[in-house]
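Structure first, then comments.
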Amino acid sequence: MKRRILILLGLLAVMVPTVAFMVACNAGPKVQVGIVLPTKDEPRWIQDETRFQDALKTAGYTTEILFSQGDSAKESANVDALISKGIKVLIICPQDASAAAAAADKAHKAGVKVISYDRLIRDTPNVDYYVTFDSVAVGAAWGTYLAENAKGKGNNLYLYAGAASDNNAFLFFQGAWSVLQPKIADGTFVIKNSSQAVALKDQATLNRDDEGKIIGQVTTNWDFNTAKNLAEANLTAAKAADKGTVYICAPNDGTARAIADAFAADKAVKKYYITGQDAEVASIQYIIDGKQSMTVLKDVRVLVNDAIAAAVAYLKGGKPDQTTTYNNGKADIPAKPSQIVTVTKDNVKAAIIDSGYWPASDFKGI
Ligand code: BGC
């Protein structure tokens with residue numbers, strides 16, 4: 001009898017939150033938290049969707065996730081749709097930092113709290129909170145990795161950047177430059193593919209306009225094909241002496257694989273070191289296979305939990321935790337950036353498999 005009661009209690013413990021969530025989901029068109037992500041075309045944002053879905057299984061409140069497919073007009077329409085469903089909190093990763101300001105303004109006007117997710121919305125005071133990783137640390141991790149693997153002087157350095165419409169591209173570049181510039185100044189590295197970076201090579205810190213000049217010249221626009229074409233153009237323009245062993249600062253995993261493939265296809269390139277970020281499954285396999293040198297793990301589970309915690313704080317009438325602020329051109333936005341982890345062949349098993357980030361079955365040769 002006692003056992004039966006215990007089993008019943010056990011069953012109830014499992015079922016009550018699930019039923020509560022199902023009831024909440026079916027409660028009608030009302031949605032409490034709206035989530036808008038930039039595109040389904042990059043594995044990074046599918047990761048975020050999946051991790052949100054996993055975390056929301058037990059959250060007990062109603063949410064809806066929409067994708068903007070790289071289009072600010074669609075992003076704006078998504079925000080309108082969510083506002084009309086009665087959201088109280090909007091978690092939004094902007095497609096274009098400045099274009100998204102209008103969407104944030106609309107949401108705020110409708111009494112919705114706006115959480116900028118991973119990428120900072122710029123040029124509006126109507127952003128309540130920024131959920132992010134330490135993006136400057138991401139760039140610094142690239143610089144550190146490349147510098148630690150450079151030997152002697154005169155090493156060939158190729159710089160690539162994210163989209164100029166993404167505030168993160170500037171933060172990543174700022175972090176990378178903080179480590180690479182002293183190594184360029186002391187002759188360890190020689191920049192091979194950016195006259196703008198060469199012109200600014202003696203400046204330890206760059207203002208946003210100067211960063212913009214370099215990013216404009218070496219942008220991948222976060223697009224694999226753009227990255228591949230740019231790398232091929234750089235290789236065509238390079239002399240044999242600019243090849244041999246090369247050091248490549250690549251801004252994320254998708255573009256890193258495209259750039260790595262282009263460099264690997266050039267017979268005059270004997271060895272390359274290349275950075276990345278996002279710990280995408282395909283790039284972890286590249287690292288295991290020795291085709292990509294490192295990635296930066298930004299544990300999306302942490303970001304998702306931070307975003308949900310912030311949303312819940314607002315739903316309960318409180319405020320999320322804050323350790324710093326990020327200036328978005330109009331206001332200092334409260335934030336609590338999360339830590340990042342450098343992943344190489346040496347720690348890939350501990351950082352990716354043992355941490356439960358991806359299962360070993362996703363990879364060959366681990
Ligand atoms: C994100 C990266 C991502 C890139 C391209 C950045 O804002 O922080 O994780 O790889 O956008 O989507």
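The values are calculated or read from the model by the stated rules, or taken from the named source; none is laboratory data. All of these numbers come straight from a predicted model, not from anything done at the bench. Here Cβ is always computed from backbone atoms with ideal geometry, including for glycine, and neighbour counts include all displayed protein chains.
Taking the criterion of being among the small types (Gly, Ala, Ser), under 30 Å from Pro38 (Cα atoms) and either in contact with a Lys or Arg (Cβ under 8 Å, 6 or more places away or on another chain) or within 16 Å of the ligand (Cβ to nearest atom) (or both), the residues of the range 162-208 that qualify are Gly162, Ala163, Ala164, Ser165, Ala169, Gly175, Ala176.
Please determine whether any residue of the range 36-45 is under 14 Å from Arg301 (Cβ atoms), crowded, with 17+ Cβ neighbours inside 10 Å and in contact (Cβ under 8 Å) with a residue 24 or more places away in the chain. Outline the logic, then answer.
From the range 36-45, those under 14 Å from Arg301 (Cβ atoms) are 44; that's our starting set.
Of the ones still in play, those that are also crowded, with 17+ Cβ neighbours inside 10 Å are 44.
Still in the list and also in contact (Cβ under 8 Å) with a residue 24 or more places away in the chain: 44.
Yes, there is a match, as at least one residue in the range 36-45 is under 14 Å from Arg301 (Cβ atoms), crowded, with 17+ Cβ neighbours inside 10 Å and in contact (Cβ under 8 Å) with a residue 24 or more places away in the chain.
For the range 138-149, the criterion of being in contact (Cβ under 8 Å) with a residue 24 or more places away in the chain, closer than 30 Å to Val33 by Cα and either in a helix (DSSP H, G or I) or touching an Asp or Glu at 6+ places or on another chain (Cβ under 9 Å) (or both) is met by at least one residue. Checked against the criterion of being within 25 Å of Ile191 (Cα to Cα) and within 16 Å of the ligand (Cβ to nearest atom), the candidates Ile274, Ile284 yield just one match: Ile274.
Annotation: of all residues in the range 224-261 being in a helix (DSSP H, G or I) and either among the aromatic types (Phe, Trp, Tyr) or touching a strand residue (DSSP E or B) at 6+ places or on another chain (Cβ under 7 Å) (or both), the one that is nearest to the ligand (Cβ to nearest atom) is Asp253. Determine whether Tyr130 is away from the ligand (no atom under 16 Å from the Cβ), of a type in the set (Phe, Trp, Tyr) and either closer than 30 Å to Lys243 by Cα or part of a strand (DSSP E or B) (or both). The answer is no for Tyr130.
Is it fair to say Asp71 is buried (at least 22 other Cβ atoms within 10 Å of the Cβ), within 16 Å of the ligand (Cβ to nearest atom) and at pLDDT 95 or above?
It is false that Asp71 is buried (at least 22 other Cβ atoms within 10 Å of the Cβ), within 16 Å of the ligand (Cβ to nearest atom) and at pLDDT 95 or above.
Among the residues of the range 163-179, those identified as among the polar types (S, T, N, Q), surrounded by fewer than 21 Cβ atoms within 10 Å (Cβ to Cβ) and in a helix (DSSP H, G or I) are Gln174, Ser178. Taken together, Leu206, Leu200, Leu235, Leu230 contain a single residue that is under 23 Å from Glu42 (Cα atoms) and in contact with a helix residue (DSSP H, G or I) (Cβ under 8 Å, 6 or more places away or on another chain), which is Leu230. For the range 180-201, how many residues are without any contact (Cβ under 8 Å) to a residue 40 or more places away in the chain, touching a strand residue (DSSP E or B) at 6+ places or on another chain (Cβ under 8 Å) and part of a helix (DSSP H, G or I)? Count: 3.
Counting only residues that are buried (at least 21 other Cβ atoms within 10 Å of the Cβ) and of a type in the set (Phe, Trp, Tyr), the range 216-262 holds 2 of them.
There is at least one residue in the range 267-282 that is over 24 Å from the mean Cα position of the chain (by Cα) and crowded, with 19+ Cβ neighbours inside 10 Å. In the set (1) within 16 Å of the ligand (Cβ to nearest atom); (2) part of a strand (DSSP E or B), Asp48 fails one condition alone, (2). Taking Ala107 and the conditions (1) surrounded by 19 or more Cβ atoms within 10 Å (Cβ to Cβ); (2) more than 10 Å from Val33 (Cα to Cα); (3) in contact (Cβ under 8 Å) with a residue 40 or more places away in the chain, which numbered condition does it fall short on, given that it satisfies the others? Failed condition: (3).
Scanning the range 138-179 for residues that are over 19 Å from Arg119 (Cα atoms) and β-branched (Val, Ile, Thr) yields Thr144, Val179.
When you check Thr132 against the structure, is it modelled with pLDDT of 95 or more, of a type in the set (Ser, Thr, Tyr) and surrounded by fewer than 22 Cβ atoms within 10 Å (Cβ to Cβ), yes or no? Explain how you work it out, then say what you get.
Working: modelled with pLDDT of 95 or more: yes; of a type in the set (Ser, Thr, Tyr): yes; surrounded by fewer than 22 Cβ atoms within 10 Å (Cβ to Cβ): no.
Spelling it out, it is not the case that Thr132 is modelled with pLDDT of 95 or more, of a type in the set (Ser, Thr, Tyr) and surrounded by fewer than 22 Cβ atoms within 10 Å (Cβ to Cβ).
Looking at the range 75-127, which of its residues are part of a helix (DSSP H, G or I) and within 16 Å of the ligand (Cβ to nearest atom)? Selection gives Glu75 alone.
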